[in-house]
Amino acid sequence: MNSPRTVAFSQNAANVFFHILTACNLRCRHCYINPSQHGAQALDIDTIAVWLNAFAGKKNPPNVIFLGGEPTLHPDLALAVKHARRLGYQSVTIDTNGYLFHDILHRVSPEEVDFFSFSLDGATAGVNDSLRGEGSYNACLKGIRQAVSKGFHTSLIYTVSSANLHELEKMPELLADLGIHRFFIQVVGIRGKTARTAGPGPDRIHQVSPDPWLQKVPMVAQKAAMMGISVTYPRVFLKPGEAFACAGRVADNYFIFPNGRVYQCPLCEDYPLHSRVFENNHLISTPGINEADLFKLDIPEGCVMNRIIQPGNIRYLPDGSPEYRIACCLLKEEICGG
Ligand code: SF4
Ligand code: SF4
């Protein structure tokens, strides 16, 4: 049996999560994009190049993940990939819903793109399409097969919520059948559309509570790893006595949006709490109070932003102390396949 290992925040490379536009052809019920906070424009290729330059040239080259919206809707995504390569980015990933617009598989090569990372939120069309929209399951599977047949490495992101936890255990067979190399299991966040539809009602999407999460996710990860697929999933709940660390204090992660905001913490993205911003194509620090002020706070519940925006996922003991601490959302468990 392969053992999971906790992946501490890397000190050796920066990760640049670059939202080059926020437009999308889908309308997922749990979409985290919030145009009023992130902007609605698509960045032109000159701006993309300048913003990529700002994070390049470090001793440890950064990784870049191109996202949207749907990044393949950008007509110049291939140029952005090639520019990142020229700048020496350590790896280039494209996150996609699978529709693969603008003939992207023919305009980049497996030498230029390390991974195409597909999003699918159900093992069947019934569950996936109820979350991501009619026809999105078949479109995603078609896109994966095309990418694999052209020699690209592929990964798949499954965002777990109360609406699809029950189909997670069917995923390893599907992944193996599709020829996928890496599997990322994520937790649905209370942000973007999920935050706006919070409260009772048919559209509500719930986070999964600790017991079902701990019963299901590590078991499915182990099963996928035994089939040769590497799996990464968030730690979410810290064990008693386990040290807490905030990635905002110790790691180099940058989440860039088309309106110029640059966040270090994904949980802050629904608020004007960004610690940096591009102004006239120069990257500058923002004045407080911003996310960096929150990173310094130590609280018994662990992650400060989780306590502020997702207090419902913390349980308390009769003496008022938290039953467990919530880990940084960027702290991951990893199981290597094989
Ligand atoms: S594919 Fe991504 S960006 Fe598009 S609606 Fe779904 S979650 Fe949002
Ligand atoms: S998720 Fe919490 S612990 Fe992680 S960077 Fe954000 S504030 Fe810090």
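Each value in this text was obtained by applying a stated rule to the coordinates, not by laboratory testing. All of these numbers come straight from a predicted model, not from anything done at the bench. Counting neighbours? That spans all protein chains shown, and the Cβs are built from the backbone with ideal geometry, glycine included.
Sum -39500 (n - 2.57) across every DSSP H segment of at least 4 residues in the chain, then divide by the residue count to get the 222 nm mean residue ellipticity, nearest 500.
Working: 12 runs with 95 residues, N = 338.
Computed mean residue ellipticity for the chain: -7500 deg cm²/dmol.
R0 = 41 Å: FRET efficiency of Ile299 with Glu334, Cβ-based, nearest 0.05?
Values: r = 27 Å, r/R0 = 0.66.
Efficiency, from the Cβ-Cβ distance: 0.95.
Compute the relative contact order of the chain as a whole-number percentage, counting only Cα pairs closer than 8 Å that sit 6 or more residues apart in sequence.
Values: 681 pairs, mean separation 71.9, N = 338.
Result for the chain is 21 percent.
Among Lys216/Lys239; Lys170/Lys239; Lys142/Lys223, which pairs are too far apart, with a Cα-Cα distance over 26 Å? All intermediate terms of the calculation are to be shown ahead of the outcome.
Working: Lys216/Lys239 17 Å; Lys170/Lys239 28 Å; Lys142/Lys223 24 Å.
Cα-Cα > 26 Å for Lys170/Lys239; rest within.
Count the net charge of all other residues whose Cβ sits under 10 Å from the Cβ of Glu242, scoring Lys and Arg as +1 and Asp and Glu as -1.
+3
Of Ile33, Val250, Leu79, which is farthest along the charge dipole of the chain in the positive direction, counting Lys and Arg as +1 and Asp and Glu as -1 at C-beta?
Most positive-ward Cα: Val250.
Please state the relative contact order of the stretch 7-87 as a whole percent: Cα pairs under 8 Å, 6+ residues apart?
Details: 89 pairs, mean separation 38.4, N = 81.
Normalised by residue count, the contact order of the stretch 7-87 is 47 percent.
Which helices of the chain meet both criteria: a Cα extent of 18 Å or more along the helical axis and a mean Kyte-Doolittle score no lower than -0.5, with helices taken as whole DSSP H segments? The partial results should precede the final answer.
Values: long enough: 136-149 (20 Å, -0.01); 210-226 (24 Å, -0.15).
Going by DSSP H runs, the hits are 136-149, 210-226.
Could you tell me which trypsin sites (Lys or Arg not before Pro) in the stretch 307-338 are loop residues by DSSP with no more than 14 other beta carbons within 10 angstrom of their beta carbon?
Counting only loop positions with at most 14 other Cβ atoms within 10 Å, the trypsin sites (Lys or Arg not before Pro) in the stretch 307-338 are Arg315.
Taking every DSSP beta bridge with both residues inside the chain, roughly what % is antiparallel (nearest 5)? Could the numbers behind the result be given before it?
Working: 19 of 50 bridges.
Taking every DSSP beta bridge within the chain, about 40 percent pair in antiparallel fashion.
How many angstrom separate the Cα center of the stretch 291-332 from the Cα center of the stretch 1-80?
Computed from Cα coordinates, the inter-centre distance equals 26 Å.
Could you tell me the largest-minus-smallest coordinate of the C-alpha atoms of the chain on each of the three principal axes, in descending order and whole angstroms?
For the chain, the Cα spread along each principal axis is 59, 49, 41 Å.
Please compute the net charge surrounding Phe118, taking Lys and Arg as +1 and Asp and Glu as -1 over other residues with Cβ under 13 Å from its Cβ. Can you show the working numbers first?
Details: positive: Arg132, Lys142, Arg145, Arg182; negative: Glu70, Asp95, Asp121.
It works out to a net charge of +1.
Report the charge-dipole magnitude of the chain in Debye, nearest 20, computed about the Cα centre from +1 at each Lys and Arg Cβ and -1 at each Asp and Glu Cβ.
On the way: 31 positive and 31 negative charges, 47 e Å.
Roughly 220 debye for the chain.
If the only charges are +1 at each Lys and Arg Cβ and -1 at each Asp and Glu Cβ, what is the size of the charge dipole of the stretch 227-338 around the Cα centre, to the nearest 20 debye?
60
Run the simple label-point estimate for Lys239 and Asp44 please: 7 Å along Cα→C-beta, distance reported in nm.
Taking the simple label geometry, Lys239 and Asp44 are separated by 5.5 nm.
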